[in-house]
Amino acid sequence: MADKPKLTILLCSPRGFCAGVVRAIDTVEQALAQYGPPVYVRHEIVHNRYVVERLRAMGAVFVDELDEIPDTTAPVVFSAHGVPKLVPAIAEARRLFALDATCPLVTKVHREAELHHRRGRDVILIGHAGHPEVVGTMGQLPQGAVALVETLADALRFEPRDPAQLAYVTQTTLSVDDTADIVACLKQRFPAIVGPHKEDICYATTNRQHAVKQVAADVDALIVVGSPNSSNSQRLREVAERAGNARAMLVLRADDLDWSRLSDITRLGITAGASAPEVLVDEIIAAFAARYDVTVEPVLAADEGVFFPLPRQLRREPDAPSDNAAE
């Protein structure tokens with residue numbers, strides 16, 4: 001048998017699950033462990049089909065809206081992306097046992113938007129229309145109180161009611177560079193605009209994009225492991241393309257690899273979106289190892305040690321009773 005061609009894989013780090021995703025998945029798993037199935041989940045808990053199907057097999061029931069859930073004492077989990085204020089209000093009115101798995105960094109954006117509104121400012125949200133996080137953030141305020149800006153062209157066209165009373169917040173999973181251009185445009189046009197005290201784009205998004213920038217121009221192709229509906233995964237692919245890699249591709253599973261685009265490579269970059277589990281990275285590396293003599297070289301862009309605790313209802317003190325009564 002002929003020797004396999006050699007392939008060097010530059011494996012980006014950090015990659016994969018962030019603290020908010022870990023918290024959201026753990027919320028569903030702990031709810032299943034403590035209360036048993038079913039556990040209802042409004043929308044995909046995170047944007048990854050593999051994760052969703054694994055939780056479904058464990059007893060999670062995914063719904064689009066609360067009206068699909070029968071009257072029940074079973075837990076109802078809100079996804080990591082956050083929800084409009086109306087959703088927990090409906091859950092409370094129906095006496096549903098709600099567990100909020102919203103990422104704390106998304107909640108931070110919600111609180112910022114509310115604070116600006118209370119102070120009389122119109123709020124600009126930089127983000128992608130229709131994304132659950134954007135829907136949830138806009139749903140924190142009355143209709144019409146938030147203006148969505150998606151692109152630099154939108155920022156150039158935007159006309160506020162009062163330029164002196166204006167603030168902006170951002171979706172947490174955006175391209176760092178694109179967002180910086182939009183913010184710079186808004187600040188130039190409206191010098192009095194107020195931004196967040198600390199950047200809204202989350203640490204995990206920033207770190208993963210930075211790692212991709214380090215390797216994109218040094219490899220023949222770059223694979224982002226993640227789902228097509230994952231904003232942070234799509235941004236990683238775009239960042240790789242803009243950093244000079246014409247063969248950056250978003251891949252969910254090893255079976256989705258387009259080998260026709262990978263036939264002549266000697267150096268490959270691999271990363272994973274914040275909602276993609278490491279098992280899928282391992283699966284894809286194994287697929288390359290079946291065809292190539294693979295050497296894996298880690299590329300570390302940042303250290304991450306962030307941890308978010310579970311929702312209060314799922315935290316058990318050492319001497320807490322083991323009954324299943326909902327709080």
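Throughout, read-outs are computed from the coordinates displayed, never taken from laboratory work. All values derive from a computational prediction rather than experimental measurement. FYI the Cβ positions are ideal-geometry reconstructions off the backbone, even for glycines, and counts take in every protein chain you see.
By the rule of a C-alpha distance below 13 Å, with chain neighbours fewer than 8 residues away ignored, the aspartates and glutamates paired with Lys108 are Glu133, Glu199, Asp200. Each listed q (0.12, 0.20 Å⁻¹) maps to a log10 I(q)/I(0) for the stretch 229-311, found by the Debye formula over equal Cα scatterers with no solvent: -0.42, -1.13. Residues whose amide H falls under 5 Å from that of Leu148, counting only those 5 or more places apart or on a different chain, are Leu125, with hydrogens built in the peptide plane.
If eta is 1.567 mPa s and T is 4 °C, what Stokes-Einstein diffusion coefficient results for the chain, Kirkwood Rh from Cα pairs, in µm²/s? It diffuses with D of about 61 µm²/s by this estimate. Rounded to the nearest 20, the Cβ-based charge dipole of the stretch 11-142 about its Cα centre (Lys and Arg +1, Asp and Glu -1) stands at 400 debye.
In the stretch 105-189 the Cα-Cα distances spread across 10 Å bins starting at 0 as 18, 56, 26, 0 percent of all pairs. Among residues other than Arg111 with Cβ under 13 Å from its Cβ, the summed charge is +2 (Lys and Arg +1, Asp and Glu -1).
Please give me the summed charge of the neighbours of Val281: other residues whose Cβ is under 13 Å from its Cβ, Lys and Arg +1, Asp and Glu -1. Here the count lands on 0. Computed from point charges on the beta carbon alone (+1 for Lys and Arg, -1 for Asp and Glu), the dipole magnitude for the chain about its Cα centre is near 560 Debye.
Maximal additional length on extending the Arg253-Thr295 stretch stands at 13.1 nm, based on 0.36 nm per residue less the C-alpha distance.
Taking label points 7 Å from Cα along the Cα-to-Cβ direction, Thr266 and Arg189 give a separation of 4.8 nm.
Each residue, Asp154 and Asp218, gets one label point 7 Å from its Cα in the Cβ direction; the gap between the two is 3.5 nm.
With charges set only on the Cβ (+1 for Lys and Arg, -1 for Asp and Glu), what does the dipole of the stretch 241-306 come to about its Cα centre, in debye to the nearest 20?
Details: 6 positive and 12 negative charges, 60 e Å.
Charge dipole of the stretch 241-306: 280 debye, to the nearest 20.
Using Stokes-Einstein with the Kirkwood hydrodynamic radius over Cα pairs, what translational diffusion coefficient do you get for the stretch 192-275 at 25 °C and a viscosity of 0.890 mPa s, in µm²/s rounded to a whole number? Show your work: numbers first, answer last.
Working: Rh = 13.5 Å.
Here the translational diffusion coefficient equals 182 µm²/s.
Net charge near Ile90: determine it from the other residues with C-beta under 14 Å of the C-beta of Ile90, scoring Lys and Arg +1 and Asp and Glu -1.
Numbers: positive: Arg42, Lys85, Arg94, Arg95; negative: Asp64, Glu65, Asp67, Glu68, Asp71, Glu92, Asp100.
Around Ile90, the surrounding residues sum to -3.
So what's the gap between the Cα centers of the stretch 147-205 and the stretch 60-110, to the nearest angstrom? Cα centroid of the stretch 147-205 versus Cα centroid of the stretch 60-110: 28 Å apart. Between the amide H of Ala248 and those of Leu222, distances stay under 5 Å, these residues lying 5 or more places away or on another chain, with hydrogens modeled in the peptide plane.
Could you work out the helix-only [θ] at 222 nm for the chain, with each DSSP H run of four or more residues adding -39,500 (n - 2.57) and the total divided by the number of residues, to the nearest 500 deg cm²/dmol? Write out the running numbers ahead of the final one.
Values: 10 runs with 114 residues, N = 327.
Helices in the chain give a 222 nm mean residue ellipticity of -10500 deg cm²/dmol.
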